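The values are calculated or read from the model by the stated rules, or taken from the named source; none is laboratory data. This is a predicted model, so every value here is computed, not measured. Methodologically, a virtual Cβ is constructed for each residue, glycine included, from the backbone with ideal geometry; neighbour enumeration extends over all protein chains shown. The accessibility values were calculated without ligands, DNA or RNA, using every heavy atom of the protein model including side chains. Shrake-Rupley method; radii C 1.70, N 1.55, O 1.52, S 1.80 Å.
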Amino acid sequence: MEVAQAAAGPQKVWRPPFDVEDYVAGVRSGNRAMLGRAITLIESRSPKHQKLAEQVLLHLLPYTGRALRVGITGVPGAGKSTFIEALGKQLTGAGHKVAVLAVDPSSGISGGSILGDKTRMNELAIDPNAFIRPSPSSGTLGGVTRTTRETMLVCEAAGFDVVLIETVGAGQSEVMVAGMVDFFLVVMLPNAGDELQGIKKGILEIADMLAVNKADGDNLRKAGQAVGQYRNALKIMKHTSPNWAPPVVMCSSLEETGLDELWGKILEYRKIMTDTGELVAKRRKQQLDWMWSMIDDRLGHALRTHPRVRERLPNIEREVRDGRMTPTLAVVKVLDAFGLGDHVHEIETKSQT
């Protein structure tokens, strides 16, 4: 045994190409290449990469939290990307440093991501005071939370004072984004009548402002009518803050009009929320939500990749599909394979007594 080991030579120990200090110094200096590498490190599922990423984030944490975090979603065809580019250009022109993060719920079929944000925002992509980065989730909403939240912190540590988080997909990703930003904006179309029937009530309830985009040319009159209809719709919604009534504004990304008023409303919101203490309370709650989301994400990943679970799961899934096993029993068997079956059963029994 000793001879064989000697012949094989000393075992290689994995060493990262960059250490914690390299990443921290690179991010803090605004080095774009190192910023990109730090985000790639955060997105990695490799345990050794995650340990290094945790240390990098811990060292960057004191330099975070100063940016204004704005989530942006929109109905199909609302011109969301054009809107974000127009707003981003205006903000960089006013001296801000803007990071655009696109929450991308990767394809559940191929695992691929829609990484076209830089091609959809050509001018902003080459702006030296802007940074655009898609945030693929690898098909899990927990992944959305982990990668996007941590990428946001890295961008803040790099000196970006405005972070715009765009939802690429539909559905629950909007709720996830609203739960990690200070302000949530919904971009709408001028034809409000049909749209109000199709938009989810839940999205209006979490919106801090509606922006009727494409308010130009022949659409100008319809946009004005839409503003009135949206305002009436918001009156019957229960909003998240007692100190803020979500406004409805008109804008045109094409003509770059109405953006000053829109941004002014966002700044007004931040002042009110800061003065009342709501912003601090909101961010503290978001921190706890983030912690539990990451616990769920990591536990789920650990369970799915556990050797015994991976070995037994195909048969368990087959029996459930064929109707020979109930989903409830399947859960028990998966947890047993993971080594938590008895523990979970004990907790459930105690909670019922």
Mind checking the per residue accessible area of the stretch 36-105 for me, 1.4 Å probe, whole number of Å²? 38
The value for the stretch 287-327 (convex hull of the alpha-carbon atoms, volume per residue, Å³) is 70
Euclidean distance between Cα centres, the stretch 237-266 to the stretch 55-81, Å: 18
Can you give the FRET efficiency for HIS301 and ALA94, using 1/(1 + (r/R0)^6), R0 = 51 Å, r = Cβ-Cβ distance, to the nearest 0.05? 0.75
Quick one: give the max-minus-min coordinate of the C-alpha atoms of the stretch 242-311 along each principal axis, largest first, in Å. 59, 35, 14
Computed label-point distance, nm, for sites LYS282 and ASP260 using a 7 Å Cα→Cβ extension: 2.5
Average projection area in nm² (convex hull over Cα atoms of the stretch 200-254, one quarter of hull surface): 3.9
Please give every one of the aspartates and glutamates within straight-line cross-link reach of LYS238, meaning a C-alpha to C-alpha distance under 13 Å, and leave out same-chain neighbours fewer than 8 residues apart. GLU205, ASP208
Restricting attention to the stretch 20-92, which trypsin sites (Lys or Arg not before Pro) occupy a DSSP loop and are surrounded by at most 13 other Cβ atoms within 10 Å? ARG45, ARG66
If you plug each phi of the stretch 57-62 into the Karplus form 6.51 cos²θ - 1.76 cosθ + 1.60 with θ = phi - 60°, what whole-Hz ³J(HN,Hα) values come out, in order, with x for Gly and Pro? 5, 4, 6, 8, 3, x
Using the heavy atoms of the protein chains alone and a 1.4 angstrom probe, what is the accessible area of the stretch 203-311 per residue in square angstrom? 59
Could you pull out every residue, at least 5 positions away or on a different chain, whose amide H is within less than 5 Å of the one on ILE72? Hs are placed 1.01 Å off N in the peptide plane, and Pro or chain starts have none. ILE165, GLU166, THR167, LEU185
Using a simple spin-label model with points 7 Å from Cα along the Cα→Cβ vector, what separation in nm is obtained for ASP289 and ARG312? 3.6
With 22 Å as the limit, write out which pairs from LYS97/LYS265; LYS89/LYS265; LYS97/LYS271; LYS89/LYS214; LYS97/LYS282 have Cα-Cα distances beyond it, or answer none. LYS97/LYS282
